[in-house]
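**Q** If you scroll down you'll find the structure; I have some questions about it.
The values are calculated or read from the model by the stated rules, or taken from the named source; none is laboratory data. Source: prediction; values computed, not measured. Positions of Cβ are generated from backbone atoms using ideal geometry, with glycine treated the same way; all protein chains shown enter the neighbour counts. Surface areas here come from the heavy atoms of the whole protein model, side chains and all, with no ligands, DNA or RNA. Shrake-Rupley method; radii C 1.70, N 1.55, O 1.52, S 1.80 Å.
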Amino acid sequence: MIVVTGATGNVGRSLVQALADAGEKVTATSRRVSGADLPDEVRARPADLTDAGSLRPVLDGAEALFLQNGGADAHLLDPGQILDAARAGGVRRVVLLSSQGVATRPESPSHGGVGRAIEDAVRRSGLDWVILRPGGFDSNAYAWAESVRALRTVAAPFGDVGLPTVDPDDIAEVAAATLREDGHAGQVYELTGPALSTPRQRAGALAEALGEPVRFVEQTRDEARVQLLRFMPEPVAETTLAILGEPTPAERRVSPDIERVLGRAPRTFADWAHRHVAAFR
């Protein structure tokens, strides 16, 4: 059995589907997961990553664990207790969804601090481990959905700064492969898209998918900061703005790891936009 935490998120939902399609026995868990969210053959078990005790019955009998890094609640996790529960349940393999920023922003408390502590706990766990470090997600464009639907407008800072954003479905496929296949233990995979794209270009890709013009409005850094602070802590917002506006060479690098694992090139943002265009109509 494979346990997938964060099963209702952008990566977890696709991962559950991929594993079920491959015939794996899957338990999907998140705080508010239900059978209605999942394929019929997948077991739903609510649990909270910030409460390792709630995971113990979920992990009983599991062989592998996909561990989401907690997102905004990462600082509340006790990874040692989670991994203790995994070992007690029979888990032998853990795949951690971490973040590129652990390596590229070591000075950031939200990335290099908390994220590094979770990675280190996984490395020390005694389990076969794989660490996935994606960059920015293509699905972050959902933040534009309301303004595109209402005004056919995208507002974003740093309009001509390119980053190789990654399709969450590609992350999910890499996670599925590393959970199911041997030969990946001890690997750290950096996951990016196939090319740099700018916010202005991504707005253009949405316009092409919609078949209608989409206007791009460049925000100031302060305008973007105010917007980010509505749903993320200040240190995370500041790190996010630094990555978006002043990416390091490592953050702009196109990684070969998706093709290395899957045997195909990663999907483009345009691919993502066409598959999810209904959210922007």
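**Q** Tell me which residues, restricted to the range 225-239, are open to solvent by less than 40 Å² (accessible area, probe 1.4 Å) and without any contact (Cβ under 8 Å) to a residue 40 or more places away in the chain.
**A** Once the filter is applied, which keeps residues that are open to solvent by less than 40 Å² (accessible area, probe 1.4 Å) and without any contact (Cβ under 8 Å) to a residue 40 or more places away in the chain, the range 225-239 yields Leu228, Ala237.
**Q** If Asp222 meets every condition in (1) of a type outside the set (Ser, Thr, Tyr); (2) in contact (Cβ under 8 Å) with a residue 24 or more places away in the chain; (3) assigned to a helix (DSSP H, G or I); (4) open to solvent by 30 Å² or more (accessible area, probe 1.4 Å) apart from one, which number is that one?
**A** Tallying (1) of a type outside the set (Ser, Thr, Tyr); (2) in contact (Cβ under 8 Å) with a residue 24 or more places away in the chain; (3) assigned to a helix (DSSP H, G or I); (4) open to solvent by 30 Å² or more (accessible area, probe 1.4 Å), Asp222 fails exactly one: (2).
**Q** Are there any pairs, at least 6 apart or on different chains, whose C-beta atoms fall under 9 Å, with the first in the range 11-24 and in contact (Cβ under 8 Å) with a residue 40 or more places away in the chain and the second part of a helix (DSSP H, G or I) and of a type in the set (Lys, Arg), and if so, which?
**A** Leu19/Arg180; Ala22/Arg180; Glu24/Arg180
**Q** Give the residues of the range 29-49 that are surrounded by fewer than 15 Cβ atoms within 10 Å (Cβ to Cβ), part of a loop (DSSP other than H, G, I, E, B) and not charged (D, E, K, R), sorted by residue number.
**A** Result: Ser34, Pro39, Pro46.
**Q** Condition first: assigned to a helix (DSSP H, G or I), out of contact with any helix residue (DSSP H, G or I) (no Cβ under 6 Å at 6 or more places or on another chain), open to solvent by 10 Å² or more (accessible area, probe 1.4 Å) and within 18 Å of Ser125 (Cα to Cα). Can you find one or more residues in the range 59-78 that meet it?
**A** no
Yes/no per residue for (1) closer than 17 Å to Leu76 by Cβ; (2) among the charged types (D, E, K, R); (3) in contact with a helix residue (DSSP H, G or I) (Cβ under 6 Å, 6 or more places away or on another chain):
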{"position": "Gly90", "(1), (2), (3)": "no, no, no"}
{"position": "Ser110", "(1), (2), (3)": "yes, no, yes"}
{"position": "Arg124", "(1), (2), (3)": "no, yes, no"}
{"position": "Gly136", "(1), (2), (3)": "no, no, no"}
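**Q** Could I ask something else about it? Out of all the residues in the range 192-216, which are open to solvent by 50 Å² or more (accessible area, probe 1.4 Å) and not in a helix (DSSP H, G or I)?
**A** Correct list: Pro194, Ala195, Leu196, Gly211, Glu212, Pro213, Arg215.
**Q** Right, next: Among the residues of the range 9-62, which ones are more than 20 Å from Arg87 (Cα to Cα) and of a type in the set (A, V, I, L, M, F, W, C)?
**A** Val11, Leu15, Val16, Ala18, Leu19, Ala20, Ala22, Val33, Ala36, Leu38, Val42, Ala44, listed by residue number.
**Q** Take Leu83 and decide whether it is over 27 Å from Tyr142 (Cβ atoms), modelled with pLDDT under 95 and surrounded by 15 or more Cβ atoms within 10 Å (Cβ to Cβ).
**A** no
**Q** May I ask you to list pairs of residues, at least six apart or on different chains, whose Cβ atoms are under 6 Å apart, with the first in the range 207-218 being in contact (Cβ under 8 Å) with a residue 24 or more places away in the chain and the second being among the small types (Gly, Ala, Ser)?
**A** Ala209/Ala273; Pro213/Ala207; Val214/Ala203; Val214/Ala207; Phe216/Ala203; Val217/Ala155; Glu218/Gly159
**Q** The conditions are (1) open to solvent by 40 Å² or more (accessible area, probe 1.4 Å); (2) among the β-branched types (Val, Ile, Thr); (3) farther than 13 Å from Pro157 by Cβ; (4) not in a strand (DSSP E or B), and Val188 fails exactly one of them. Which is it?
**A** Exception for Val188: condition (4).
**Q** Restricting the range 92-147 to residues that are in a helix (DSSP H, G or I), under 21 Å from Val11 (Cα atoms) and charged (D, E, K, R), which is most open to solvent (accessible area, probe 1.4 Å)?
**A** Arg116
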